[in-house]
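Engineer: Input: one structure, supplied below.
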Amino acid sequence: MKLFLDTANIQEIRDGVRLGVISGVTTNPSLAASEGIGSREKYKIAVQEISDILDGPISVEVVSLDADGMVAEGREIAEWIPNPWVKIPSTAAGFEAISTLSHDGIKINQTLCFSLNQALLGAQAGSTVVSPFVGRLDDIGQQGMDLVKEIVAVFKTQNIETEVLAASIRHTLHCTMAAQAGAHIATLPYRILLQMVQHPLTDSGVARFLADWEKAGNS
Ligand code: E4P
C-alpha cells in the first residue's frame, strides 16, 4: 500500500517526503483554506510548489457543482503540474465530468465516496482511483473500513482496474486496517505519519544499545 500525505502544508510535505516513504499528496478545498489559500491562483502556486517537492501524483479538487464547470476546472488543473489527479466528487455531475475528463486522458481521484455503488459508477466513468472516506463514515456510526474492504473485494472479483485510496484517515489503526483490507493507497495527515514511526520499545532499545556501547568505553 502506497502512502500519500493528506495536506496542503508545504513544510509538512517537505518533512514527510524526506523520510522517503511518501508517493503522493492529496489536497482539498478545506485543507487549502486551512493554509490560507484563498484564491484559485494561490491554490495553483501551492500545488506547483508541492509538485516541485514530489514527483508523485498530486490530487487537486474542483469546486464547481455542475459537470461543465468541473470539466473546465479539471482541464485547467491538468495544465498546472506534470502529475495531477483531478478530484471530482461522487455526484451525478461528477460522474459526467469523470467520464469526459478520463476520455481526455486526465487522471481522476473520485472523492467523497460513501458507498460501493458510487465506487462502481466511478469505475465505469473512468476514475483512476476512488476515495472511500473512512473517518467520516465512522463519524456517523458506520464502520468506514468495511467500505474499503467491500470495494477492494468487488473490484478484484470484477477485474476493475480503478485503485482504492483510503481517505479520511483519523488514526494509525485506520492505516493498518486499510493495508489489511487491500487498499492500494492510504492518504494520511502528517501527524499520523509521525505516529506510525513511534514505538516505545524502539526508543528504549536505541537508548539501551547506546548505553551498553558507551559502558564498554566507546564514544
Ligand atoms: C482526501 O483526499 C480527503 O479529502 C481527506 O482525506 C478527507 O479527510 P477528512 O474527512 O478528515 O476531512
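Read-outs: derived from the displayed coordinates by stated rules, not from any lab. Everything numeric in this text was worked out from a predicted model, so none of it was measured. Backbone-built Cβ (ideal geometry, glycine too); neighbour counts: all protein chains shown.
Engineer: What residue among 118, 158, 180 shows peak mean-square fluctuation when the chain is described by a Gaussian network model with Cα springs under 10 Å?
Structural biologist: 158
Engineer: Could you work out the relative contact order of the stretch 96-219? I mean the mean sequence separation of Cα pairs under 8 Å and 6+ apart, divided by the number of residues, in percent.
Structural biologist: Values: 170 pairs, mean separation 22.9, N = 124.
Result for the stretch 96-219 is 18 percent.
Engineer: Once the other residues with Cβ under 12 Å from the Cβ of residue 13 are scored (Lys, Arg +1; Asp, Glu -1), what is the net sum? Could you put the intermediate results ahead of the total?
Structural biologist: Working: positive: 14, 18; negative: 6, 12, 15, 35, 49, 52.
So the surrounding residues net to -4.
Engineer: Between residue 63 and residue 202, what FRET efficiency follows from the Cβ-Cβ distance if R0 is 45 Å, with the result rounded to 0.05? If you can, show how the numbers build up before the last one.
Structural biologist: On the way: r = 43 Å, r/R0 = 0.95.
Using R0 = 45 Å, I get an efficiency of 0.60.
Engineer: Given the options 106, 98, 140, state which has the largest fluctuation in a GNM of the chain using a 10 Å cut-off (strictly under) for Cα springs.
Structural biologist: Highest fluctuation among the options: 140.
Engineer: Sticking with this structure for a sec: With equal scatterers on the alpha carbons only and no solvent term, can you work out the Debye log10 of I(q)/I(0) for the stretch 54-136 at 0.15 1/Å?
Structural biologist: -0.44
Engineer: Can you tell me, using C-alpha contacts under 8 Å and at least 6 residues apart, the relative contact order of the stretch 2-218 as a whole percent?
Structural biologist: It comes to 16 percent, rounded to a whole number.
Engineer: Let me ask you something else. Report the label-to-label distance for residue 11 and residue 92 in nanometres (one decimal), using points 7 Å from each Cα along the Cα→Cβ vector.
Structural biologist: About 4.6 nm, to one decimal.
Engineer: From the C-alpha coordinates alone, can you work out the Kirkwood hydrodynamic radius of the stretch 1-117, in Å? Walk me through the numbers on the way to the answer.
Structural biologist: Values: mean 1/r = 0.0695 Å⁻¹.
Hydrodynamic radius (Kirkwood, Cα only) of the stretch 1-117 equals 14.4 Å.
Engineer: Please order 146, 52 by the number of other Cβ within 10 Å, starting at the fewest.
Structural biologist: Values: 146 15, 52 10.
Result, fewest neighbours first: 52, 146.
Engineer: Would you mind computing the Rg to Rh ratio of the stretch 127-208 from its alpha-carbon coordinates, Kirkwood style for Rh?
Structural biologist: Numbers: Rg = 15.0 Å, Rh = 13.7 Å.
Rg/Rh for the stretch 127-208 comes to 1.09.
Engineer: Let me ask another. So which GluC sites (Glu not before Pro) in the stretch 122-219 are both in a DSSP loop and have at most 13 other Cβ atoms within 10 Å of their Cβ?
Structural biologist: Here the sparse-neighbourhood loop sites are 161.
Engineer: On a 0 to 90 degree scale, rounded to 10, what angle separates helix 92-103 from the longest Cα axis of the chain?
Structural biologist: Between the helix axis and the principal axis of the chain, the angle is about 80 degrees.
Engineer: Moving to a separate point now. Report the Cα centroid-to-centroid distance between the stretch 7-42 and the stretch 58-137 in angstrom, as an integer.
Structural biologist: 19 Å
Engineer: Suppose each label sits 7 Å from its Cα in the direction of the beta carbon; what would the residue 136-residue 75 distance come out to in nanometres?
Structural biologist: Result: 2.8 nm between the two label points.
Engineer: Using only the alpha-carbon atoms, how far is helix 116-125 inclined from the longest principal axis of the chain? Give it as 0 to 90 degrees, nearest 10.
Structural biologist: Tilt of helix 116-125: around 60 degrees.
Engineer: For helix 40-53, report the angle its Cα long axis makes with the longest principal axis of the Cα atoms of the chain; keep it between 0 and 90° and round to the nearest 10°.
Structural biologist: It is inclined by approximately 40 degrees.
Engineer: Next question, about the same structure. Rounding to the nearest 20 debye, state how big the charge dipole of the stretch 89-166 is about its Cα centre with +1 on each Lys and Arg Cβ and -1 on each Asp and Glu Cβ.
Structural biologist: Numbers: 4 positive and 8 negative charges, 15 e Å.
So the magnitude is around 60 debye.
Engineer: Going toward the positive end of the dipole of the stretch 2-218, with +1 on Lys and Arg Cβ and -1 on Asp and Glu Cβ, which of 200, 116, 7 do you reach last?
Structural biologist: 200
Engineer: Run the dipole for the stretch 2-218 about the Cα centre, Lys and Arg Cβ at +1, Asp and Glu Cβ at -1, nothing else charged, and hand back the magnitude in debye, nearest 20.
Structural biologist: Details: 16 positive and 25 negative charges, 98 e Å.
So the magnitude is around 480 debye.
Engineer: Right, something else. On alpha carbon coordinates alone, what is the Rg over Rh value for the chain, Rh being the Kirkwood radius?
Structural biologist: Numbers: Rg = 19.3 Å, Rh = 18.3 Å.
Over the Cα atoms of the chain, Rg/Rh equals 1.06.
Engineer: So between residue 195 and residue 52, what do we pick up on full extension, going 0.36 nm a residue minus the alpha carbon distance? Intermediate results must be reported in sequence, preceding the final value.
Structural biologist: Details: separation 143, 0.36 × 143 = 51.48 nm, distance 2.59 nm.
Result for the pair: 48.9 nm of gain on full extension.
Engineer: If you don't mind, another one. Quick one: order 112, 3, 165 by neighbouring beta-carbon count within 10 Å, fewest to most.
Structural biologist: Details: 112 19, 3 22, 165 30.
Listing 112, 3, 165 from fewest to most nearby Cβ atoms yields 112, 3, 165.
Engineer: Helix-only mean residue ellipticity at 222 nm, the chain, DSSP H runs n ≥ 4 weighted -39,500 (n - 2.57), per residue, nearest 500. What is it?
Structural biologist: Working: 11 runs with 119 residues, N = 219.
After summing the helix terms and dividing by residue count, I get -16500 deg cm²/dmol.
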